[in-house]
Amino acid sequence: NKMVMVKQLLTLRNYENIPFSSIGKGWLTLGGSTDLQKNLGYYAGDLSGITTKKLPLWFQPFYKPGKKIAKERDWNKKLEEIVEKAPEWDIGFIVGVPAWIQMCIEMIIKKYQLNNIHEMWPNLAFFVHGGVSFEPYKKGFEKLLGKPITYIETYLASEGFIAYQDRQHAKGMRLVTNEHIFLEFVPFNKQNFDSNSDMVQNPETLMIHEVEEGKEYALLISTNAGTWRYLIGDTIKFVDKTRCEIIITGRTKHFLSLVGEHLSVDNMNKAIQLAGEQLNICIPEFTVAGIPYQSFFAHHWYIACNEPVDPNALKQCIDENLKALNDDYAVERRSALKEVFVDVLSEQQFLDFMQLKGKVGGQHKFPRVLKDNMLKDWQEYLKAQMAHSK
């Protein structure tokens, strides 16, 4: 991981919009606690906390929020401490999961009554993000800026650093193929995955020279850390085979296909991004569930929006966008997928639910598709909230 991070830093010279002066400023990383839990013979903690704790010495002078705040386990307290210290720093770039970075910047702007974050950090030039697609967050995030910045995507998992964007205007992220990770690609289709999205006993596996652009693959990885043909759970698509550039299209378990609509997280992200642009609203969070409806089925969307919005208009936008993006969805909307429901909630409701589940912090993301126990817990949580508000 450390070696790939250094390689990614060296690729910053490929970005014409990043001034060299910004690289020498503060680097704000919003991650898990570096105060790791000591167990019998090993330490444990969030990946971002472990990575931050192992930063090379030459990185330390630039690193913010510093060792003391980085150790803090209470996520809300950590955010408050960062907001308190923010005026003392000159930040050139930020690293983290979009939702938490956005929240942190919103808190700084509110506390110091700024018009945008560049009034405090004029040298802020780029944002290194990962974990979730940035598309749904981009519109809301850009409202916090005084000038455009460069966005750089990474694919860093607990099992290894898998890919990163290495040049301006890249179609996707370049796979890391020479740092102790062996990659295999399983075509994501009904021959290799059953109706529950579980991989079959002996799936078809392809090597990197056998893949095709535009097709969906699940990743199998083997590493020198002991992972052996591990199904990492992400689905990817090659957008430039020559350069080994990929995009993440979703999770094997987060595809929604009740009746053959084959809705991917990539479809969902794009539909939400387009809906935000069409209605001129920010949608910082969303999730969707498949439910029984009139002897057939429906999709139930839960969407965070802190601005006034007509749920019916939002529903129509999402539905039409998905029909245009996904032929299977368009076909099923004329047959067994009878209806689409949309509930508009506040972003805080999503955050509070994650807190109830003990999943607060940069390592945790709200699932894009709710199923089984998680869906039941979410429905009960919303019912309790509705009863309380009455």
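Rule-based calculations on the coordinates, nothing more; no lab input. Remember, predicted model here, so these are calculated numbers, not experimental data. Note that we place each Cβ from the backbone using ideal geometry, even for glycine, and neighbour counts take in every protein chain shown.
When the chymotrypsin sites (Phe, Trp or Tyr not before Pro) in the stretch 84-185 are filtered for DSSP coil states and for at most 16 other beta-carbon atoms within 10 Å of their beta-carbon, the remaining sites are TYR112.
What net charge do the residues around ALA225 carry, taking every other residue with its C-beta under 12 Å from that of ALA225, with Lys and Arg at +1 and Asp and Glu at -1? Spelling it out: positives minus negatives among the neighbours equals -2.
Past 28 Å, Cα to Cα: identify those pairs from LYS111/LYS147; LYS38/LYS253; LYS147/LYS323; LYS253/LYS359; LYS111/LYS371, in the order given.
Where the Cα-Cα span goes over 28 Å, the pairs concerned are LYS38/LYS253; LYS147/LYS323; LYS111/LYS371.
Here the calculated FRET efficiency for ASP372 and SER21, from their Cβ-Cβ distance with R0 = 41 Å, stands at 0.20, rounded to the nearest 0.05.
Among the aspartates and glutamates, select those whose C-alpha is under 14 Å from the C-alpha of LYS67, and discard any that sit fewer than 8 residues away in the same chain. Hits, sequence-local ones excluded: ASP35, GLU81.
In this rough spin-label picture, where each label sits 7 Å from Cα along the Cβ direction, the LYS67-TYR230 distance is 3.0 nm. What's the FRET efficiency of THR177 with ILE291 using the Cβ-Cβ distance as r and R₀ = 51 Å, to the nearest 0.05? Computed FRET efficiency for THR177 and ILE291 comes out at 0.75.
Extension gain, ARG334 to THR242: 0.36 nm times the residue separation minus the Cα-Cα distance gives 29.2 nm.
Beyond 23 Å in Cα-Cα separation lie the following of the pairs LYS110/LYS139; LYS138/LYS365; LYS138/LYS357; LYS25/LYS365: LYS138/LYS357; LYS25/LYS365. Summarising the strand pairing of the stretch 266-373, around 45 percent of its internal DSSP beta bridges are antiparallel. The tail of the calculated P(r) for the stretch 173-251 beyond 21 Å holds 22 percent of all Cα-Cα pairs. Each of LYS85 and MET103 was given a label point 7 Å from its Cα along the Cα-to-Cβ line. The distance between the two points is 1.9 nm.
Provide the percentage of antiparallel DSSP beta bridges, counting only those with both residues in the chain; round to the nearest 5.
Around 60 percent of the beta bridges assigned by DSSP in the chain are antiparallel ones.
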